[in-house]
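Reviewing the structure listed below.
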Amino acid sequence: MFRRIKRVFSKFIDKASALLFSKEQLMDLIDEFKFELISNDVAYDVAEEITTKLVEAVENKIVRDKESLIEFLKKTIRSYFDSVELIDIFHEASKTKPYIIVFLGVNGVGKTTTIAKTAVLFRDKGFKPLMVAADTFRAGAQEQLRIHGERTGIPVFMGKYGADPASIAFDAIRHAETRGYDVVLIDTAGRMHTDSNLVDELRKIIRVAKPHRKILVVDALTGNDAIEQAVFFDKAVGVDAVIVTKVDAYEQGGVPLSIVYSIRKPIIMIGVGQGYKDLKPFNIDEFLDKILSVK
Ligand SMILES: Nc1nc2c(ncn2[C@@H]2O[C@H](COP(=O)(O)OP(=O)(O)OP(=O)(O)O)[C@@H](O)[C@H]2O)c(=O)[nH]1
Ligand SMILES: [Mg+2]
């Protein structure tokens, strides 16, 4: 994972370290670096900002050798992640019962799988989770969650095909309250985000379910689309946190940074495979080590 962006960084650091005293060549190299970042899913604005700051740092002699260059890059990238408020859903769930999360996202990003993985994490931490199939739009969606329920042993609240998703969410929460569930994880229909019905439906679910958190699921492999979806959902209904899936197969590397930069919301977890245990907390130190482990 993240192999391509790692290569962009190490190539740039090696070349730039050799050129630090030749300003003209260094500026060309920084320009090239900027475009390589962009072609690896780093949003244009953030690539521009990083490289502008880098030029300044070179001019002010803050960056003067390989070591200070690596330090600068780490610090700058980290600052975007540090500037957003972190969310600990497990801690929050220990304070509120039932703790309600609505999952958002377009088709095929891995929403339903991620809900099952999240439910397993909650169960492993001693919570009693309920998964809710509020996707009544696509035939088979309910069935999919039911199968995850069977495989994981975690109960699923099902609505009828074609029923109003908001009313299913409402009934599910009532059910959770009377049955003593700690956490309610609501799956929503994944349509194209350009579908205006989707937004109306989501707004209604949110109004009725009053979730404590709205988590957006995006697929890293879709690159710039993932960033656009984040901006879209955040504007349309507000996003509290993001889970990036399919990171196990993702090489470009720019998606996490671009999302945090674009909507100023934390990436809380990453999907790293198809198994139920393949959901890991997103850790900024590990991320930086991975992309900037230059010897
Ligand atoms: N490699 C990998 N595959 C994943 C990951 N997360 C989900 N998938 C796969 O992506 C595919 C789609 O996942 P779903 O959970 O059905 O996606 P969805 O967003 O619910 O899709 P719709 O309900 O059709 O909108 C499945 O084959 C999952 O196994 C991940 O982190 N890594
Ligand atoms: Mg689904």
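Ellipticity at 222 nm from helices only: DSSP H runs of n ≥ 4 in the chain, each -39500 (n - 2.57), divided by the residue count, give -17000 deg cm²/dmol. Within the range 6-45, what residues put their amide N at less than 18 Å from the label point 7 Å along the Cα-to-Cβ vector of E56? Counting only backbone N, you get 27, 30-31, 34, 45. Check cross-link reach from K204 to the lysines: straight Cα distance under 21 Å, and skip same-chain residues fewer than eight apart. Straight-line reach from K204, under 21 Å: K111, K160, K214, K235. Sorting the Cα pairs of the chain by distance into bins of 5 Å, from 0 upward, gives 1, 5, 12, 16, 16, 14, 10, 8, 6, 5, 4, 2, 1, 0, 0 percent per bin.
Identify the residues of the range 218-234 with backbone N under 13 Å of a label point that sits 7 angstrom from the Cα of R138 along the Cα-to-Cβ direction, or state none. Taking a point 7 Å out along Cα→Cβ of R138, the residues of the range 218-234 whose backbone N falls under 13 Å are 219. Within the straight-line cut-off of under 30 Å between alpha carbons, the lysines reachable from K15 are K6, K23, K34, K53, K61, K66, K74, K75, K290, K295, sequence neighbours fewer than 8 places apart in one chain being disregarded. Taking the Cα atoms only, what angle lies between the long axis of helix 3-19 and the longest principal axis of the chain, rounded to 10 degrees? Value to nearest ten degrees: 20. Accessible surface of the chain, 1.4 Å probe: 50 percent of it comes from carbon and sulfur atoms. Taking the C-alpha atoms only, the angle from helix 196-209 to the longest principal axis of the chain is near 70 degrees.
Place a +1 charge on the Cβ of each Lys and Arg in the chain and a -1 charge on the Cβ of each Asp and Glu, then give the dipole magnitude about the Cα centre in debye, rounded to the nearest 20.
Taking the Cα centre of the chain as origin, the dipole is about 900 debye.
Taking a cut-off of 14 Å, what percent of all Cα-Cα pairs in the range 3-82 are separated by more than that?
Of the Cα pairs, 60 percent sit more than 14 Å apart.
The accessible-area ordering, largest first, of the residues S167, S258, S94 stands as S94, S167, S258, per a 1.4 angstrom probe. For the chain, the per residue solvent-accessible surface stands at 46 Å², with DNA, RNA and ligands left out and a 1.4 Å probe.
The values are calculated or read from the model by the stated rules, or taken from the named source; none is laboratory data. Computed from a predicted structure; not experimentally measured. Cβ atoms come from the backbone with ideal geometry, glycine included; neighbour counts cover every protein chain shown. Ligands, DNA and RNA are excluded from the accessible area calculation, which covers all protein heavy atoms including side chains. Shrake-Rupley method; radii C 1.70, N 1.55, O 1.52, S 1.80 Å.
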